[in-house]
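The values are calculated or read from the model by the stated rules, or taken from the named source; none is laboratory data. Model, not experiment: these values are computed from the prediction. Counting neighbours? That spans all protein chains shown, and the Cβs are built from the backbone with ideal geometry, glycine included. Note: accessible area is taken over every heavy atom of the protein model, side chains too, but ligands, DNA and RNA are not part of it. Shrake-Rupley method; radii C 1.70, N 1.55, O 1.52, S 1.80 Å.
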Amino acid sequence: MRTEELIATLTENCSPVRPLAHPEWRAVPWFAISLGYVAAVVAAMGLRLDISTKLADWRFLAEVGAALATSMMAAASAFCAGCPGRPVWERFAPVPFLALWLASLGIECWRDWLASGGAGLAIRPDLMCLPVILAISIVPGVLILIMIRRGAPIAPISTMGLAALAAAALGAAGLRLFHTEDASIMVLVWQFGSVALLTGLEAIFGRRILRWPTLQEALAADRHSPR
Amino acid sequence: MRDSADTKTRRDREEHWRALMRSGQNGDGKAYAQLLSELLPLLRRVVTHKWPSAPDVEDVVQEVLVSLHTVRHTYDPNRPFMPWVMTITKCRFADAARRRYARSANETTVDVFPETFSGDQTKTEQETSTDQEDLRKLMSTLPGGQRQAIELLKIQGLSLQEASRVAGKSVASLKVGVHRAIKAMRDALERKT
């Protein structure tokens, strides 16, 4: 097909489209819905018995707050990454909050080591974390996947990685509210590690999941659903 | 003086294309067609500049146009237009380059094509006799059932039903026999080479 003919084909049935909302305005409803879902899961599982004590501990609040902020910023960054022409630095917006989250766990590990030596950093198997975080984050994950597929796949690996980070970080924050595991090294390895693993795994499949539509798919979309 | 004139021209062009894009997003096919037509020389120039020896410049340009069309809802009318276009162009160009490298990794450039046909007339006499001899020897080492399946289906060229009637075996067992025989012969040939 000649290029001039292609242009005629594309513009022949050009349906009106509604421009995507600003990434922040897309991140807010995602976060609100996902937070509601995670709150429902936490309520169903039952809050940990020492929740009132934990909520008075600023370190616990800083850790959970950093996880929630990471989730929110990663979602906004994932939406930014699907909008061509936006600055690349926006994709790194969750990094400070991720660093804060990691630092809060790292400081606690340091304190445990000072208090108990090597015994304070003993790692025991806690295989519950990964499946539980996966189970909690599956609904937010599917929701954000549907939303990022509306964007342009200009950076599929980072977009999928950020979307997975958003969902998994929210799941990890929820887990902290009903799972009584407070040894910092355990939280670092099993909970933060699960988030890192899920983020990496989904990023690997970015190119397969987020791809450019073919001409036939584009024309079919024009015929069937005005955006 | 000339720089400022260029800047003004660019700014005017940007404003013009933004207006056309806004109209295109609102369903104005004519404005949209005008926009894509006006973008065409620019896209060809960009792709040719980045990949001077590319044999498929027009294919890449067409991919860019289809991509611009499919994600036209991602353009924010309050933001500059050219960065939006150029990001998509660079991305599609990178995809095309990646595809090309992946394809070339599986290709070997040769001056003379090697003979790969099964017909004996395309091979040298030595190759023909060696191949036939090897296969004959391998056939003789196969278990009876597998050898019969190969003879009926691959040498005599019978259909599965015909071979089933001749051998008095089920179609499934003939299929299994052929599969195993070919696998055994292939493994033996690979070991030999």
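Considering only the stretch A:200-227, how many residues are of a type outside the set (D, E, K, R), open to solvent by 60 Å² or more (accessible area, probe 1.4 Å) and at pLDDT 90 or above?
3
What do you reckon, is A:G106 in contact with an Asp or Glu (Cβ under 6 Å, 6 or more places away or on another chain), modelled with pLDDT under 95, part of a helix (DSSP H, G or I) and over 22 Å from A:R207 (Cβ atoms)?
It is false that A:G106 is in contact with an Asp or Glu (Cβ under 6 Å, 6 or more places away or on another chain), modelled with pLDDT under 95, part of a helix (DSSP H, G or I) and over 22 Å from A:R207 (Cβ atoms).
From the list A:A81, A:A155, which residue is in contact with a Pro (Cβ under 9 Å, 6 or more places away or on another chain), hydrophobic (A, V, I, L, M, F, W, C) and either open to solvent by less than 60 Å² (accessible area, probe 1.4 Å) or within 14 Å of chain B (Cβ to nearest Cβ) (or both)?
That would be A:A81, the only listed residue that is in contact with a Pro (Cβ under 9 Å, 6 or more places away or on another chain), hydrophobic (A, V, I, L, M, F, W, C) and either open to solvent by less than 60 Å² (accessible area, probe 1.4 Å) or within 14 Å of chain B (Cβ to nearest Cβ) (or both).
Considering only the stretch A:84-109, how many residues are more than 14 Å from the chain's Cα centre (by Cα), within 14 Å of another protein chain (Cβ to nearest Cβ) and surrounded by 15 or more Cβ atoms within 10 Å (Cβ to Cβ)?
Adding up the residues that qualify gives 4.
Looking only at residues that are touching a helix residue (DSSP H, G or I) at 6+ places or on another chain (Cβ under 9 Å) and without any contact (Cβ under 8 Å) to a residue 40 or more places away in the chain in the stretch A:142-164, which one is nearest to A:V189 (Cα to Cα)?
Out of the qualifying residues, it is A:A164.
Scan the stretch A:1-30 for residues that are more than 14 Å from chain B (Cβ to nearest Cβ) and either open to solvent by 30 Å² or more (accessible area, probe 1.4 Å) or part of a loop (DSSP other than H, G, I, E, B) (or both) and jot them down.
Scanning the stretch A:1-30 gives A:V28, A:P29.
Step by step: first the residues of the stretch B:42-86, then only those that are open to solvent by 40 Å² or more (accessible area, probe 1.4 Å), part of a helix (DSSP H, G or I) and without any contact (Cβ under 8 Å) to a residue 24 or more places away in the chain, then the one that is farthest from the other protein chains (Cβ to nearest Cβ). Which residue is that?
Looking at the filtered set, the residue picked out is B:H49.
Table: residues versus (1) within 14 Å of another protein chain (Cβ to nearest Cβ); (2) under 30 Å from A:P87 (Cβ atoms); (3) in contact with an Asp or Glu (Cβ under 9 Å, 6 or more places away or on another chain).
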{"residue": "A:P125", "(1), (2), (3)": "no, no, no"}
{"residue": "A:I146", "(1), (2), (3)": "no, yes, no"}
{"residue": "A:R150", "(1), (2), (3)": "yes, yes, no"}
{"residue": "A:A167", "(1), (2), (3)": "no, yes, yes"}
{"residue": "A:A183", "(1), (2), (3)": "no, no, yes"}
{"residue": "A:A203", "(1), (2), (3)": "no, yes, no"}
{"residue": "A:G206", "(1), (2), (3)": "yes, yes, no"}
{"residue": "A:Q216", "(1), (2), (3)": "yes, no, no"}
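Out of the residues in the stretch B:1-36 that are of a type in the set (S, T, N, Q) and under 35 Å from the mean Cα position of the chain (by Cα), state the one that is least open to solvent (accessible area, probe 1.4 Å).
Once the filter is applied, the top-ranked residue is B:Q25.
Can you tell me which residues in the stretch A:26-45 are under 18 Å from A:S77 (Cα atoms) and touching a Phe, Trp or Tyr at 6+ places or on another chain (Cβ under 9 Å)?
A:R26, A:A27, A:W30
State whether the residues of the stretch A:173-191 include one that is in contact (Cβ under 8 Å) with a residue 40 or more places away in the chain and over 26 Å from A:T53 (Cα atoms).
So far as the stretch A:173-191 goes, no, none of its residues is in contact (Cβ under 8 Å) with a residue 40 or more places away in the chain and over 26 Å from A:T53 (Cα atoms).
So for the stretch A:12-20 (the condition being under 21 Å from A:I136 (Cα atoms) and either of a type outside the set (S, T, Y) or modelled with pLDDT of 90 or more (or both)), does at least one residue qualify?
no
Looking only at the stretch A:111-148, count how many residues are among the β-branched types (V, I, T) and buried (at least 16 other Cβ atoms within 10 Å of the Cβ).
Residues in the stretch A:111-148 being among the β-branched types (V, I, T) and buried (at least 16 other Cβ atoms within 10 Å of the Cβ): 6 in total.
Quick one: count up the residues across the stretch A:182-227 that are under 30 Å from A:L61 (Cβ atoms), in a helix (DSSP H, G or I) and among the small types (G, A, S).
Going through the stretch A:182-227 one residue at a time, the tally reaches 6.
Quick check on the stretch A:31-78: of everything there that is in contact with a helix residue (DSSP H, G or I) (Cβ under 8 Å, 6 or more places away or on another chain) and in a loop (DSSP other than H, G, I, E, B), which residue is least open to solvent (accessible area, probe 1.4 Å)?
A:R48
Do the conditions hold for A:A167, that is, is it surrounded by fewer than 24 Cβ atoms within 10 Å (Cβ to Cβ), in contact (Cβ under 8 Å) with a residue 24 or more places away in the chain and out of contact with any Leu (no Cβ under 7 Å at 6 or more places or on another chain)?
The answer is no for A:A167.
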